[in-house]
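Asks: Questions regarding the structure given below will be posed in turn.
The values are calculated or read from the model by the stated rules, or taken from the named source; none is laboratory data. Nothing here was measured: the structure is a model prediction, and the numbers come from that model. Every residue, glycine as well, gets a Cβ built from its backbone with ideal geometry; the counts of neighbours run over all protein chains shown.
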Amino acid sequence: MREVVSELGATPVSAGSPRVVVFGDVIDDIIVTPSGDIRPDTDTPARIVRTAGGSAANSAAWLAWAGCHVDFVGRVHVTDLERHRALLVEARVSPHLLGEPDLPTGAIVVIVSADGARTMLTQRGANAALSPRDIGPERLARAHHLHFTGYSIFRHARTADFPDLIRRAHDADVTVSVDPGSAGFIADFGRDRFLEAIGEADIVVPNLDEGRALTGRSDPPSIVESLVERFPLVALTLGRDGVVLGTNDGIRLSAPSKATRAVDTTGAGDAFCASFLSVVLHEPVRDRDVLERAVSRGLDTAARAVAVVGARPSPTA
């Protein structure tokens, strides 16, 4: 078995590393940390950091950091093509970006409160034009795995394109994972409609709020029990409380968070998901030992992610 975990950080990519296609949103993040309570109608001093983001693009960067070959498919405004291509290449991701002449690059303003809670103001922009049809058969033919997030589903006019994409992936012997992305958007979109769109996925990695939105249940074990009736492998992230995992063949496990210092939690779920998947994809058998290593690796990476501002790994990490 190839060693996946590196104590020093990024894992080198080898000829035998899995090839993952990531499809979805790429965003310009504007992270605002006020120095105190926001005062209406006047100035509030704040730390403001501009950085590249987007749940899918973040996951692509962390998957590459974790030792996978990664192809990323997304859309930005035509004037931002070269900038975002360069940022993805810097993260060791192969970019396949399409330019939109009329829609701006997606943007999110993240306001981080003193207790770490986040308020996110989102403009989907060019991401709204992205379609599963942007992934052709030649891309899937080279892949081992496909990953996308719920953000690609919520504003797409043809929901049936997503079950079709999953079927096309399975026909090419490609497994599929989904990060549901947003509890609020799931509620707006409709739970049953969303579950229908991702119903044949192999791996689902929701957070607690998303799990509650998808199942109507409140406690983590019950959420996992409900989701494994639909999906073979579920990893439910719980923020400071760690992870609960279940499989449809009866494996259940949990693990606490490893984070000791949280500066910015933006992208923590993407970091966990990517490193978790990297272990699962490197292993031919998904037994309990493999899943325990996958959860441990994911929690290590999430702890690294929350210790710095920004949602992607540092190129020098």
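Asks: Among the listed residues G99, G67, identify the single one that is part of a strand (DSSP E or B) and under 27 Å from H145 (Cα atoms).
Replies: G99
Asks: Next question. When residues of segment 213-257 are filtered for being in a strand (DSSP E or B) and either free of Cβ contacts under 8 Å to residues at least 12 places away in the same chain or not β-branched (V, I, T) (or both), how many remain?
Replies: Residues meeting the conditions: 9.
Asks: Still on this structure: Counting just the residues of segment 5-26 that are assigned to a loop (DSSP other than H, G, I, E, B) and surrounded by 21 or more Cβ atoms within 10 Å (Cβ to Cβ), which one comes out modelled with the lowest pLDDT?
Replies: Restricting to residues being assigned to a loop (DSSP other than H, G, I, E, B) and surrounded by 21 or more Cβ atoms within 10 Å (Cβ to Cβ), the top hit is T11.
Asks: What tally of residues in segment 281-299 results from selecting those that are at pLDDT 90 or above, surrounded by 17 or more Cβ atoms within 10 Å (Cβ to Cβ) and among the charged types (D, E, K, R)?
Replies: 2
Asks: Would you mind stating whether I111 is surrounded by fewer than 17 Cβ atoms within 10 Å (Cβ to Cβ), in a strand (DSSP E or B), touching a Ser or Thr at 6+ places or on another chain (Cβ under 7 Å) and not hydroxyl-bearing (S, T, Y)?
Replies: Yes: the conditions hold for I111.
Asks: Ok, one more. Filter segment 260-280 for residues that are among the hydroxyl-bearing types (S, T, Y), farther than 18 Å from R50 by Cα and modelled with pLDDT under 90 and give the result.
Replies: T260 - this is the single residue of segment 260-280 that is among the hydroxyl-bearing types (S, T, Y), farther than 18 Å from R50 by Cα and modelled with pLDDT under 90.
Asks: Among the numbered conditions (1) over 18 Å from I30 (Cβ atoms); (2) without any contact (Cβ under 8 Å) to a residue 40 or more places away in the chain; (3) outside any strand (DSSP E or B); (4) of a type outside the set (F, W, Y), tell me where R83 comes up short.
Replies: R83 satisfies every listed condition except (1).
Asks: Next question. So which residues in segment 204-223 are closer than 18 Å to G242 by Cβ, within 22 Å of the chain's Cα centre (by Cα) and either polar (S, T, N, Q) or buried (at least 23 other Cβ atoms within 10 Å of the Cβ) (or both), if there are any at all?
Replies: V204, V205, P206, N207, E210, G211, I223
Asks: Continuing with this model, one more query. Does segment 38-54 contain at least one residue that is within 15 Å of the chain's Cα centre (by Cα) and buried (at least 24 other Cβ atoms within 10 Å of the Cβ)?
Replies: Yes: segment 38-54 contains one or more residues that are within 15 Å of the chain's Cα centre (by Cα) and buried (at least 24 other Cβ atoms within 10 Å of the Cβ).
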